[in-house]
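**Q** Following this message is one structure expressed as structure tokens.
The values are calculated or read from the model by the stated rules, or taken from the named source; none is laboratory data. These numbers come from a predicted model, not from an experiment. Don't worry about glycine lacking a Cβ; one is built from the backbone with ideal geometry, like all the others, and counts go over all protein chains shown.
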Amino acid sequence: MLTTLHRQKLIPEKHRVRVEKYITGIVNNNGSKLYAVYANPEHVHILLSKSPALSENKLVSIVADSSASFINQNKLSKEKFEWQESASAFSVSKSDVNKVCKYIINQKEHHKKITYEQEIKLMLTHYQKTIRNAHRYIRQYLIIWATTNVEYFSVRINIPLSLTSPLPGLLALKKL
């Protein structure tokens, strides 16, 4: 999720689809797959599967820099357009992709009921709880790992975007 600088409402509805199409092109041209995008006036939701050749930071930087230049060059915003320096990113399990796509596509209706600030607070609260639960599982696995005399392992966590799921996501241990 990208947010405009100071959460200013800089993406007018009349240019929303144009911005979404441009972001779609950026993602596709960088070897990644876009599932859904919705440009709200002060933030953009994007669901994608990134190319393994790019880090999350690199892809977000490419999308943010390119789309900001596009918006400014085409004067799609009344003021100078800038994204915040940071972005929010969450892992989504395969089984939740359709649900998240519907959530993103339904942003206009969703934001009639809840503000952006409320939305981000709910997401962060959910993920903080999920991460705390995941840490409990990690500690359990690390205790088992420490007693099995296996040399090196890395821990990877995929946390699903499911506000109703009490599970911390898929925890996988793999040998380096």
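**Q** Going by the conditions given, is LYS102 basic (Lys, Arg), within 20 Å of VAL63 (Cα to Cα), free of Cβ contacts under 8 Å to residues at least 60 places away in the same chain and surrounded by fewer than 17 Cβ atoms within 10 Å (Cβ to Cβ)?
**A** no
**Q** Considering only residues of the range 63-85 that are out of contact with any strand residue (DSSP E or B) (no Cβ under 8 Å at 6 or more places or on another chain) and part of a loop (DSSP other than H, G, I, E, B), which is modelled with the lowest pLDDT?
**A** So, considering only residues that are out of contact with any strand residue (DSSP E or B) (no Cβ under 8 Å at 6 or more places or on another chain) and part of a loop (DSSP other than H, G, I, E, B), the one modelled with the lowest pLDDT is GLU85.
**Q** In this structure, is TYR38 out of contact with any Cys (no Cβ under 9 Å at 6 or more places or on another chain) and assigned to a strand (DSSP E or B)? Break it down stepwise before answering.
**A** Working: out of contact with any Cys (no Cβ under 9 Å at 6 or more places or on another chain): yes; assigned to a strand (DSSP E or B): yes.
Yes: the conditions hold for TYR38.
**Q** Those residues that are free of Cβ contacts under 8 Å to residues at least 60 places away in the same chain and in contact with a Pro (Cβ under 8 Å, 6 or more places away or on another chain), I need them from the range 1-24; list them, please.
**A** Result: LYS9, GLU13.
**Q** Moving on. Among the residues of the range 113-146, count how many are basic (Lys, Arg) and at pLDDT 75 or above.
**A** Of the range 113-146, the ones basic (Lys, Arg) are 113, 121, 129, 132, 136, 139.
Okay, now just the ones that are also at pLDDT 75 or above, so 113, 121.
The qualifying residues number 2.
Rundown of residues vs (1) buried (at least 17 other Cβ atoms within 10 Å of the Cβ); (2) of a type in the set (Lys, Arg); (3) more than 15 Å from the chain's Cα centre (by Cα), yes/no style:
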residue	(1), (2), (3)
HIS6	no, no, yes
GLU13	no, no, yes
VAL19	yes, no, yes
GLY25	no, no, yes
ASN29	no, no, yes
SER32	yes, no, no
TYR38	yes, no, no
VAL44	yes, no, no
LEU48	yes, no, no
